[in-house]
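Working notes for the structure below.
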Amino acid sequence: MALNQSLKGKEYEEVSFTVDRDRVTQFAEAIGEDDPIYRDAAAAKQAGFDEQVAPPTFATVLQIMTSGQAVVDPELGLDYSRVVHGEQQYEWRRPIVVDEVLKATPRIADIYAKKSNEFLVIEADIKDAKGETVVISRSTLISRGTGGQ
């Protein structure tokens, strides 16, 4: 069954997330990032940041939290057993730092077909407490075999 094209542009509920020091440190360890700015507040401050910095791909944590709303939306008609991750993109305005509260509103940015596959693009504008964009995250999921020919 094809994805519901009429949902292009649909926004979902805002998600709030506090950037926790332990979670950032664990993430840095998990990806093998050993730059001290990602593990130590003093090193980050010495490098000119306000606080310990989250590795750039840490934004994926929030992206996964937000995109889940679209993926399980029954109106979309997505059969998750057919899904593979196609692409992840970030448009950075500034680094994410520990202790800040971020908010993101996910939306379906696009749905399109290429041959027998459909591509679902979910975007989240991740903002800080001042309402300023920190990063725009875009995830492309591929729904295999639902696009016709």
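If you build a Gaussian network model of the chain, linking Cα atoms that sit under 10 Å apart, which residue out of ALA30, ALA42, ALA54 swings the most?
Top of the fluctuation ranking is ALA30.
Take the solvent-accessible surface of the protein heavy atoms, probe 1.4 Å, and return the percent of it on region 33-149 that carbon and sulfur atoms account for.
With neighbouring chains kept in place, the figure for region 33-149 is 49 percent.
For region 5-21, in order, what is each residue's ³J(HN,Hα) by Karplus, 6.51 cos²θ - 1.76 cosθ + 1.60 with θ = phi - 60°, in whole Hz (x at glycine and Pro)?
4, 5, 8, 4, x, 5, 9, 10, 5, 5, 10, 10, 8, 9, 6, 8, 4
Write down the accessible area per residue of region 1-62 in Å², having rolled a 1.4 Å probe over the full set of protein chains.
On a per-residue basis, region 1-62 sits at 58 Å².
Holding the Cα-Cα limit at 21 Å, pick out from LYS103/LYS130; LYS45/LYS103; LYS10/LYS115; LYS10/LYS130 the pairs that are longer than that.
LYS45/LYS103; LYS10/LYS115; LYS10/LYS130
The values are calculated or read from the model by the stated rules, or taken from the named source; none is laboratory data. Here the structure is a predicted model, which means the values were calculated and not measured. Just the protein is used for accessible areas: all its heavy atoms, side chains included, with ligands, DNA and RNA removed. Shrake-Rupley method; radii C 1.70, N 1.55, O 1.52, S 1.80 Å.
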